[in-house]
1. Among P204, P152, P174, which is the only one that is modelled with pLDDT under 90, within 18 Å of the chain's Cα centre (by Cα) and either within 30 Å of V28 (Cβ to Cβ) or in a helix (DSSP H, G or I) (or both)?
2. Kindly indicate the residue of the stretch 1-27 that is within 19 Å of the chain's Cα centre (by Cα) and assigned to a loop (DSSP other than H, G, I, E, B) and also nearest to K203 (Cα to Cα) among those meeting that condition.
3. Quick one: how many residues across the stretch 31-69 are of a type in the set (S, T, N, Q) and farther than 18 Å from Q94 by Cα?
4. So for the stretch 185-199 (the condition being surrounded by fewer than 19 Cβ atoms within 10 Å (Cβ to Cβ) and within 20 Å of R230 (Cβ to Cβ)), does at least one residue qualify?
5. Just checking, how many residues over the stretch 208-237 are part of a helix (DSSP H, G or I) and modelled with pLDDT under 75?
6. Residues being assigned to a loop (DSSP other than H, G, I, E, B) and of a type in the set (A, V, I, L, M): count how many of those fall in the stretch 123-149.
7. Would you point out which residue out of F147, F109, F134 is of a type in the set (F, W, Y) and under 22 Å from R37 (Cβ atoms)?
8. Filter the stretch 171-184 down to residues that are touching a residue at least 12 places away in the same chain (Cβ under 8 Å) and over 21 Å from A97 (Cβ atoms) and give me whichever is surrounded by the most Cβ atoms within 10 Å (Cβ to Cβ).
Amino acid sequence: MDTLYIVIPAYNEAENITACVADWYPIVERYGGEGSRLVVIDDGSKDDTNALLCDMAKDRPLLIPLTKTNGGHGSAVLYGYRYAIEHGADWVFQTDADGQTNPGEFDGFWNERNQYDAVIGYRTKRGDGAQRAFVEKVVCLLLRLYFGVKVPDANAPFRLMRTEIVKKYIVRLPWDFYIPNIMLTAYFARYQEKLKFLPISFKPRVKGKNSLNLKRIVKIGWQAMKDFSRLRKNMKDNVQA
């Protein structure tokens, strides 16, 4: 039976984390049996996120609460992916702790797994506002310009991936890369891995504070263009080699 590791990064999500675990824990119980795990990575939260996770883990044997020094969403995602790889998971699924995704849509992704290396969600409508929807469109445009790939959504936090395919490309990224899901999507598409996009719903955040603002988005955008240039060059070097 395929084992499933659900990876969820969390930073100052004390208001959401109990509901998050209640939503996703039944998924790991249902799929993959005793070998599956719900792995929640506390990224150095300043609130009670980690304490709540440790308390919930007392009567949830498949819940693995991890904690690390704050390094941002991307570093926490990578931390979770590496944990899944090291512990022999067959499949890794990533979502976020803010309650914007719907666990009820997981079944459709799991049912497609045997035909694909990765099944990634795309947000047909976004509950987090027009500004973020615009940013995602810009990201997809940049991926097309830099890497020659056309994808409907590069960064959706609802993705089921064969662990071996994550392992194949994660080594190309810096240890603490801040937008790993975007680059993994680009790699999958660029190298023509078996990839499918499925529509997902995306609700507004109800509780907690969103850490991204316009100033930070612009800063991340400028850094992304620099990193895309470097990673594109590495792609060419790998082909030549």
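1. So the residue among P204, P152, P174 that is modelled with pLDDT under 90, within 18 Å of the chain's Cα centre (by Cα) and either within 30 Å of V28 (Cβ to Cβ) or in a helix (DSSP H, G or I) (or both) is P204.
2. N16
3. Let us first name the residues in the stretch 31-69 that are of a type in the set (S, T, N, Q), namely 36, 45, 49-50, 67, 69.
Checking the rest, the ones that are also farther than 18 Å from Q94 by Cα come to 45, 49-50, 69.
Of the residues in that region, 4 qualify.
4. yes
5. Total meeting the criteria: 11.
6. Qualifying residue count, the stretch 123-149: 1.
7. After ruling out the rest, the residue left standing is F109.
8. Initially, the stretch 171-184 is screened for residues touching a residue at least 12 places away in the same chain (Cβ under 8 Å), giving 172-173, 175-184.
Of the ones still in play, those that are also over 21 Å from A97 (Cβ atoms) are 172-173, 175, 183.
Numbers: R172: 14, L173: 19, W175: 10, M183: 25.
Checked the stretch 171-184; the qualifying residue surrounded by the most Cβ atoms within 10 Å (Cβ to Cβ) is M183.
The values are calculated or read from the model by the stated rules, or taken from the named source; none is laboratory data. Since we're looking at a predicted model, the values are computed, not measured. Glycine gets a Cβ as well: all are built from the backbone with ideal geometry, and neighbour counts include every protein chain shown. Please note that ligands, DNA and RNA were not included when accessible areas were found on the heavy atoms of the full protein model with its side chains. Shrake-Rupley method; radii C 1.70, N 1.55, O 1.52, S 1.80 Å.
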